[in-house]
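The values are calculated or read from the model by the stated rules, or taken from the named source; none is laboratory data. Note that the structure is predicted; figures quoted are calculated from it, not measured. Cβ sites come from the backbone with ideal geometry, for glycine too, and all protein chains shown count toward neighbours. Areas reflect the complete protein model, heavy atoms only, side chains present, ligands, DNA and RNA absent. Shrake-Rupley method; radii C 1.70, N 1.55, O 1.52, S 1.80 Å.
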Amino acid sequence: MEQIRKQFPVLNHSIYANTAASGLLYDDLLEWRQGHDLDYLIGGSNMKQNSNRMHSETRRVVGEFFNCNPENVALVPNFTIGLNFLVEGLDKKEKVLLIEGDYPSLNWPFESRGFAIEYLAVSENLEERIYDAIKINGITVLALSVVQWLNGIMVDLTFLKKLKTQFKDLLIISDGTQFLGTRSFDFLESGIDIIGASAYKWLLSGYGNGLLLIKEEVKERFKLVAKGFGSGRNALENNHKRTFCKHLEPGHLDSLSFGSLQFSLEFLSKIGLKKIGEQNNKLSDKARNEFNEFGLLDDIVVKRNTHSTIFNIKANQRVFNKLLEHNVVCVQRGDGIRISFHFYNTLDEVDEIVKILKS
């Protein structure tokens, strides 16, 4: 892992505990992006005309990375745009269950379109309360983040699979922006029907690219209306042939952004998702134990069986300033300080942050 850390120059001068806000650029990706733009500089439109083939290859790589048919992969500039396209095509008679305080870009598209909505607060027994709410209130759509952006609480994926088995007509839509890239994830084997993500965080792909994965059997629940000349392959006669995912890609796709996504997924695959997940689990366990020892975590986080690598510690402005003075990159969120670790962090860095907090 030490060799991999050398790819990330930021780690040479700081403890980077802020991947939940922005993932890092690394040497190999920078080199690829420079080569891409050099090809564009020299080749002009000839280079860009080949980008359709590149986008098809990106969908293939995304599909292999998450186990999803490439035909059911949509490349979107970010999760927010993709979700809005989807929700616009969803029957307004659907009854939706949301999580209070979930990422605004997940909740707002439903709230702004007049759906009947029920809400649940995040709690120690979140999964049990989700089950009860669906059963009692006749919920037809569950929309939630796999990992909560404010405190890092992660929903039990095994629970979602069991939930889908019991409520076969329940549509489960997930924001995976704070999850995808942190460990292995098999989309087809999961209980999630649609999952999306902006890829600039844990997938380390830079800005301007994201993805949506859609299961074939839920497409009939939507009547998508977004269209564009680019997604019809620039031919008017293709208008009636537009596939489901092409409605989610109504305009031209940027070859630099989505080439970066492809490059980073291949980069992460070479490291190994199993290895990345194991490192992240070690970081999560150590940080939770250390932060809990000093009473810095909410009881909900402490009492749950598993957790992500995102933590919101109880600390004020003075403590935040102290962390910044010691070159710890983090951010204030909610009532505390959000600290987040990825595989390029070390257990020693967790110790160093604890040492600063003790002081």
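Close contacts from the range 324-339, counting a first residue that is closer than 18 Å to Asn292 by Cβ and a second that is open to solvent by 70 Å² or more (accessible area, probe 1.4 Å) and assigned to a loop (DSSP other than H, G, I, E, B), with Cβ to Cβ under 8 Å and a gap of 6+ residues or different chains, come to Asp335/Lys314; Gly336/Lys314. Taking the criterion of being open to solvent by less than 20 Å² (accessible area, probe 1.4 Å) and in contact with a Ser or Thr (Cβ under 8 Å, 6 or more places away or on another chain), the residues of the range 19-32 that qualify are Thr19, Ala20, Gly23, Leu29. Within the range 140-169, the set of residues being more than 21 Å from Ser105 (Cα to Cα) and assigned to a loop (DSSP other than H, G, I, E, B) comprises Asp156, Phe167, Lys168, Asp169. Here the range 306-332 is the region considered, the condition is being more than 22 Å from Val10 (Cα to Cα) and open to solvent by 60 Å² or more (accessible area, probe 1.4 Å), and the residue that is farthest from the chain's Cα centre (by Cα) is Arg318. Is it fair to say Lys162 is touching a residue at least 24 places away in the same chain (Cβ under 8 Å), more than 20 Å from Leu86 (Cβ to Cβ) and over 21 Å from the mean Cα position of the chain (by Cα)? Taking the combined requirement at face value, the residue satisfies it. Against the list (1) closer than 30 Å to Lys6 by Cβ; (2) exposed (fewer than 15 other Cβ atoms within 10 Å of the Cβ), the condition Leu273 fails is (2).
For (1) at pLDDT 95 or above; (2) closer than 22 Å to Tyr16 by Cα; (3) under 21 Å from the mean Cα position of the chain (by Cα); (4) of a type in the set (S, T, N, Q), each residue gets a yes or a no:
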| position | (1), (2), (3), (4) |
| --- | --- |
| Asn209 | yes, no, yes, yes |
| Lys219 | yes, no, no, no |
| Val225 | no, no, no, no |
| Asn234 | no, no, no, yes |
| His240 | no, no, no, no |
| Leu261 | yes, yes, yes, no |
| Ser264 | yes, yes, yes, yes |
| Ala287 | yes, yes, no, no |
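Looking across the range 95-110, the residues that are surrounded by fewer than 18 Cβ atoms within 10 Å (Cβ to Cβ) and at negative phi come down to Lys95, Glu100, Pro104, Trp108. Tell me, yes or no, whether the range 33-47 has at least one residue that is under 30 Å from Ile214 (Cα atoms) and either over 18 Å from the mean Cα position of the chain (by Cα) or crowded, with 16+ Cβ neighbours inside 10 Å (or both). Looking through the range 33-47, at least one residue is under 30 Å from Ile214 (Cα atoms) and either over 18 Å from the mean Cα position of the chain (by Cα) or crowded, with 16+ Cβ neighbours inside 10 Å (or both). Quick one: would you say Asn52 is in contact (Cβ under 8 Å) with a residue 12 or more places away in the chain, within 22 Å of the chain's Cα centre (by Cα) and either on the phi > 0 side of the Ramachandran plot or open to solvent by 60 Å² or more (accessible area, probe 1.4 Å) (or both)? Spelling it out, it is not the case that Asn52 is in contact (Cβ under 8 Å) with a residue 12 or more places away in the chain, within 22 Å of the chain's Cα centre (by Cα) and either on the phi > 0 side of the Ramachandran plot or open to solvent by 60 Å² or more (accessible area, probe 1.4 Å) (or both). Are any of the residues in the range 73-80 surrounded by fewer than 21 Cβ atoms within 10 Å (Cβ to Cβ), more than 18 Å from Gln262 (Cα to Cα) and under 17 Å from the mean Cα position of the chain (by Cα)? For the range 73-80, residues surrounded by fewer than 21 Cβ atoms within 10 Å (Cβ to Cβ), more than 18 Å from Gln262 (Cα to Cα) and under 17 Å from the mean Cα position of the chain (by Cα): present. Going through (1) touching a residue at least 24 places away in the same chain (Cβ under 8 Å); (2) basic (Lys, Arg); (3) in a helix (DSSP H, G or I); (4) buried (at least 17 other Cβ atoms within 10 Å of the Cβ) one by one, Arg288 falls short only on (1).
Every test in (1) modelled with pLDDT of 95 or more; (2) surrounded by 15 or more Cβ atoms within 10 Å (Cβ to Cβ); (3) out of contact with any Ser or Thr (no Cβ under 8 Å at 6 or more places or on another chain); (4) in a loop (DSSP other than H, G, I, E, B) is passed by Asn281 save one, and that test is (4). The lone criterion from (1) over 30 Å from Leu323 (Cβ atoms); (2) open to solvent by less than 70 Å² (accessible area, probe 1.4 Å) left unmet by Arg5 is number (1).
Can you name every residue in the range 327-359 that is in a loop (DSSP other than H, G, I, E, B), within 20 Å of Leu203 (Cβ to Cβ) and not polar (S, T, N, Q)? Within the range 327-359, Phe341, His342, Phe343, Tyr344 meet the criteria. Could you please let me know if Val319 is closer than 19 Å to Glu124 by Cα and touching a residue at least 24 places away in the same chain (Cβ under 8 Å)? In short, no. Among residues of the range 124-180 being surrounded by 20 or more Cβ atoms within 10 Å (Cβ to Cβ), out of contact with any Phe, Trp or Tyr (no Cβ under 6 Å at 6 or more places or on another chain) and among the polar types (S, T, N, Q), the one that is nearest to Phe79 (Cα to Cα) is Ser174.
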